[in-house]
1. Applying the selection to the stretch 322-345, what residues are within 16 Å of the chain's Cα centre (by Cα) and surrounded by fewer than 14 Cβ atoms within 10 Å (Cβ to Cβ)?
2. Select, from 422, 417, the only residue that is in contact with a helix residue (DSSP H, G or I) (Cβ under 8 Å, 6 or more places away or on another chain), surrounded by fewer than 23 Cβ atoms within 10 Å (Cβ to Cβ) and of a type outside the set (Val, Ile, Thr).
3. Go through (1) modelled with pLDDT of 95 or more; (2) surrounded by fewer than 18 Cβ atoms within 10 Å (Cβ to Cβ); (3) under 25 Å from residue 171 (Cβ atoms); (4) aliphatic (A, V, I, L, M) one by one and return the number of the condition residue 384 breaks.
4. Which one of these is in contact (Cβ under 8 Å) with a residue 40 or more places away in the chain and in contact with a Ser or Thr (Cβ under 9 Å, 6 or more places away or on another chain): 112, 63, 106?
5. Could you identify the single residue in 8, 61 that is more than 30 Å from residue 127 (Cβ to Cβ), within 48 Å of the chain's Cα centre (by Cα) and either in a loop (DSSP other than H, G, I, E, B) or modelled with pLDDT of 90 or more (or both)?
6. Would you mention how many residues in the stretch 375-401 are touching a Gly at 6+ places or on another chain (Cβ under 7 Å), basic (Lys, Arg) and closer than 22 Å to residue 299 by Cα?
7. What residue, among those in the stretch 64-94 that are part of a loop (DSSP other than H, G, I, E, B) and among the hydroxyl-bearing types (Ser, Thr, Tyr), is modelled with the highest pLDDT?
8. From the list 132, 154, exactly one residue is surrounded by 19 or more Cβ atoms within 10 Å (Cβ to Cβ) and farther than 27 Å from residue 344 by Cβ. Which is it?
Amino acid sequence: MALIDRFPRHIFTSRGWGLLGAGTVFLLAAQVMGRRDLLTLAVLLLVLPLLALAGTRVLKPNFQVYREFSPASVETAATATVRLAVARTGLGSGHALMEERLPARFGESPVFRFPARSATGGTSRYEYHLRSAKRGQFVIGPVTAEFSDPFGLSLHRHAIDDGDILTVTPAAVELPVTGLAGARGHDGVTATRIRANPSDDDVMTREYRHGDPMRRVHWAATARHGQLMVRQEESVTTPEATIILDQRLAAFTRGAFSAGGTSHRGAAGPDGHELVTSDTFEWAVTAAMSIGAHLAERNYALRFLDAAGEPAFQHSPSAPEPEAEEYIGTSGLQSIAESLAAIQLTGHHHGRRDARESSSSSRASGRHPSGGEGGPQPFDDRLMDKLAAHRMRGPILAILGNLTPAEARALTPAAGFTANAFALVIAERLQELEGVLETLRLGGWRAVAVTPASPLPAAWAAFDADGAAPLAAAPDVRRGSGARR
């Protein structure tokens with residue numbers, strides 16, 4: 001029996017291998033002894049396991065699997081409950097051993113028997129829990145089942161569903177209350193054109209801007225002025241904030257490359273590959289989530305842009321609406337969290353020497369100092385136009401990687417579109433940012449330099465001190481008990 005156990009069990013069971021062995025012995029005996037009855041027995045013993053093998057491969061039982069995550073998307077370090085319901089939809093009976101396949105980061109895959117002891121109405125229900133320390137999207141499943149023929153001669157394991165994606169979002173860090181939440185600017189209030197006999201409607205309205213909801217159109221003022229006019233007093237009650245999330249590979253991996261290749265790492269994506277990220281970018285993602293949550297709790301409408309002025313989440317595979325820029329309320333904050341779950345660095349890496357050389361050559365050729373030949377460039381006219389369209393409607397917050405001096409100079413004019421411009425600049429070494437910070441501050445930005453070890457609440461509080469406060473490394477405290485370190 002010990003010898004039989006060494007044969008692969010995914011083809012035949014021990015009983016099946018035993019019949020094959022016995023059939024082979026009887027076949028040799030029939031040849032030696034010339035006995036036809038032994039030959040008949042040998043053929044029967046050899047054919048039975050082969051028929052069982054064909055049956056388990058061709059005649060696959062049909063099942064329906066329903067998988068539910070609670071909550072639908074979970075924060076890092078929090079626990080998600082997975083509920084499985086498995087029902088047989090085709091003919092057949094008997095028991096099966098099933099396994100829910102999980103990515104390696106979740107540990108050992110759960111194994112269960114079908115049908116369950118508590119099965120009702122032909123449906124078996126199971127429940128287990130998952131937790132991930134890193135953000136990302138992970139394929140949970142498929143459920144695989146091990147089936148055998150009625151004689152127990154052959155085994156076959158195959159998937160009975162395709163699996164589902166669990167989205168793990170970055171957990172927000174609790175930020176201290178500072179003066180930043182009150183930095184609303186003028187919220188877009190502009191003077192309307194006054195006619196010879198101005199009315200109260202003229203004082204209460206302004207010209208329509210792209211993005212204004214149609215419910216705010218003031219039709220009487222529109223008819224009088226001959227163009228769309230909207231009520232401006234309502235906008236004061238909804239402050240706006242624009243968050244620029246830099247996600248360029250070059251900005252977050254400068255100095256993080258070794259001779260043997262890159263040192264960035266990440267969480268597994270839907271296809272099992274690693275997200276392209278780094279420690280500095282993970283800090284930026286947490287900052288974006290935390291600042292967004294902090295402002296959303298104070299009824300801010302949020303706009304997320306990338307360094308080129310494009311929608312910040314257009315390249316995130318987890319974004320529910322990749323082309324969206326504006327987010328409002330609880331649903332908007334949930335959309336931001338899901339969009340940040342699988343966001344990663346984009347573009348090509350250039351070393352510092354390449355950046356300096358491209359900066360010099362760009363000044364000679366007239367190209368933007370921080371970009372390549374084609375495609376949207378960081379901090380160029382497209383971003384400035386987007387910011388100008390919402391001039392003075394609220395603060396601008398930029399979460400940036402390690403900028404070059406040329407990139408910092410290109411960004412400085414953006415501070416002119418708001419009364420309050422804040423910049424978090426992240427690098428592995430703070431001394432690398434001295435010139436960049438000076439450039440931004442001279443341009444009207446309140447800039448704070450941080451490293452991946454800097455506590456986010458301290459960085460947020462440093463804006464009240466104009467970024468002058470030193471940032472000591474300390475562990476972050478996450479929101480909620482399920483996300484504390």
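The values are calculated or read from the model by the stated rules, or taken from the named source; none is laboratory data. Note that this is a predicted model, so its numbers are computed, not measured. Ideal geometry is used to build each Cβ from the backbone, glycine not excepted, and the neighbour counts take in all protein chains shown.
1. Matches in the stretch 322-345: 323 only.
2. Unique residue meeting the criteria: 417.
3. All conditions pass for residue 384, except number (3).
4. One residue alone meets the criteria, 63.
5. From the options 8, 61, the qualifying one is 8.
6. 2
7. Looking at the filtered set, the residue picked out is 76.
8. After applying the criteria, what remains is 154.
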